1. Do we find a residue being surrounded by fewer than 19 Cβ atoms within 10 Å (Cβ to Cβ), small (G, A, S), in a helix (DSSP H, G or I) and in contact (Cβ under 8 Å) with a residue 60 or more places away in the chain anywhere in the stretch 287-310?
2. Specify which of the listed residues (S129, S173) is among the polar types (S, T, N, Q), over 18 Å from G239 (Cα atoms) and out of contact with any strand residue (DSSP E or B) (no Cβ under 7 Å at 6 or more places or on another chain).
3. Looking at (1) under 24 Å from A212 (Cα atoms); (2) in contact with a Phe, Trp or Tyr (Cβ under 8 Å, 6 or more places away or on another chain), which one does L312 not meet, given that it meets all the others?
4. Name the pairs whose Cβ atoms lie under 9 Å apart, with the first residue in the stretch 146-162 and within 23 Å of F99 (Cβ to Cβ), the second modelled with pLDDT under 90 and among the basic types (K, R), and 6 or more positions between them or separate chains?
5. Consider T22 against the criteria (1) under 13 Å from R90 (Cβ atoms); (2) surrounded by 14 or more Cβ atoms within 10 Å (Cβ to Cβ): it satisfies all of them except one. Which criterion is unmet?
6. Within the stretch 230-246, identify whether any single residue is small (G, A, S), touching a strand residue (DSSP E or B) at 6+ places or on another chain (Cβ under 9 Å) and on the phi > 0 side of the Ramachandran plot, and answer yes or no.
7. Taking the stretch 117-131, which residues are out of contact with any His (no Cβ under 7 Å at 6 or more places or on another chain) and surrounded by fewer than 22 Cβ atoms within 10 Å (Cβ to Cβ)?
8. Can you tell me which condition H78 does not meet? The list is (1) within 20 Å of the chain's Cα centre (by Cα); (2) buried (at least 17 other Cβ atoms within 10 Å of the Cβ), and all the others hold.
Amino acid sequence: MQTFRLALHAAYACGHSGVCCTSGWAIPVERHRQPRLAARAEALTTTRITWLTPAPGGAPDEVAGVLAQRTDGACVFHAQGRGCLVHDARPVSCEHFPFVVVVDPRGVHVSLSHYCPTAAALLFSRDASLEIVAGDPVLPDGRLPEGLDAREALPPVAGGAGTPRLMEWNEVSAWEQQAVRRWAASACETPPTPDAAALAAVYATVPAGLPAWYVPADLTGAWVRWGLTGWHTWHTVIGRYLAARVVASWALHLGEGVALVDASVAQARNVLQGEVARICGSEQAPLTQARLTRAIRQADLLLLHHADLRALADLAANTLS
């Protein structure tokens, strides 16, 4: 199957920043990967280490356990300055981060989670292109990456007025490219003031057990003082971020059609505005490249890793009625 992504993401290669290894995530180990990991663990040190801990209740049968963590939340196989010590034998979850994937009858559609600093840096590339292009598969051996499998799904419903109808798949591809350009261009315009109620609703979708998210205390004030000017300064990068949330959007296949993709990107814009206001407001400082990078990373941490994706889609769908 062909693999499609934004051209600006095509240059992605793991930069071994270690963020995915040190975020405290519970990383499952598949039974078919366990023997090789065990061999690598034994070869790493003369002292036996506990690297596999029991899987949580309800885990699939193919999960042998989860990778052990040090007290700071880092994976036991992560070495500061050296990266992953078992990179060639790492679990599937590690292998697939930071890819966001949808598979449908057209092929494999890939975006990136910009929580990964290497992925976030691509948004600042001088020659970044917003064309959706065909390219190399995510995994070098051609295996399908983990993601939403919509190969048996009908095409999405067309947007706009008139009688609802299913689109042709070539129409869907044309719509996606147009939406990428439209959302990128939208960042040149003044966005709505960030919606505190909508932010609170998004934060409420984070499951118990994960860190709680809170609306910044002076959301509107910080936005007006710091965020608005910075948004216009960095509109090109912000537009690329919004465009990236169009590609491989799970919302395309959740029933409401292409309109739900637009609603989901608007939701992502509101979250990003909230993070810009939070960071600039707390530091009483303008939006710089470093602060925008942090805001983008935090937005994707919430939207792609912490929040319940189905609940997010339901919130976005509510804006369509």
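The values are calculated or read from the model by the stated rules, or taken from the named source; none is laboratory data. None of the values given here were measured: they were computed from a predicted structure. In this analysis, Cβ positions are derived from the backbone assuming ideal geometry, glycine residues included, and neighbour counts consider all displayed protein chains.
1. no
2. On the way: S129 fails: over 18 Å from G239 (Cα atoms).
Criteria check complete, one pass: S173.
3. Against the list (1) under 24 Å from A212 (Cα atoms); (2) in contact with a Phe, Trp or Tyr (Cβ under 8 Å, 6 or more places away or on another chain), L312 comes up short only on (2).
4. Correct list of pairs: empty, since none qualify.
5. With (1) under 13 Å from R90 (Cβ atoms); (2) surrounded by 14 or more Cβ atoms within 10 Å (Cβ to Cβ) applied to T22, the lone miss is (1).
6. Looking for residues that are small (G, A, S), touching a strand residue (DSSP E or B) at 6+ places or on another chain (Cβ under 9 Å) and on the phi > 0 side of the Ramachandran plot, one finds none in the stretch 230-246, hence no.
7. P117, T118, A121, F124, S125, R126, D127, A128, S129, L130, E131
8. (1)
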